[in-house]
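All of the numbers you see were taken from the coordinates with simple rules; none came from a lab. Predicted model only: the values in this text are computed from it and were never measured.
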Amino acid sequence: MKNMNLNYLDFDYSEDAEGVGTFDAMASVSPAQVPALHAEISAVLAWAHQHWPDACGPSEDGGEWQYDLQGVQEVSTPLVLAFDGATGPLRAAAGSPAPTRTTITLTVSGTPAFCSALREAFGIE
């Protein structure tokens, strides 16, 4: 497989005392970017399932790798703030809501061999 460029998933890496590596990524995108983000997540997970079949699960149960995927969709409504210097009160009123943002976190962890292969497949440093 040719390295896929990851434009939305920027993984941070850590390793525990037993050598199990963990890649953590979080992406927050506008509605137009959701399909591209979903495609990246799907590519990473499809690669893992294809190259490490039947190995997804906790290491204590013999698994080579596992993942956690979570998401939230949020609407942000800015506040219009005004301070009246003559009388002292701060006034707040809701502005126009911004478009929704989708935030997804992906954590992938695995054995040293799995982590090395994942790094190579996706150009993760």
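Couple of notes before you dig in:
- Counting DSSP beta bridges with both ends in the chain, the antiparallel % (nearest 5): 95
- Both radii come from the Cα set of the stretch 12-62: Rg as radius of gyration, Rh as Kirkwood radius; their ratio Rg/Rh reads 1.07.
- Candidate values (i) 1.21; (ii) 0.94; (iii) 0.98, label of the one derived for Rg/Rh (Cα atoms, Kirkwood Rh): (i)
- Computed extension gain for ASP54 through MET26, at 0.36 nm per residue and net of the alpha carbon distance, reaches 7.5 nm.
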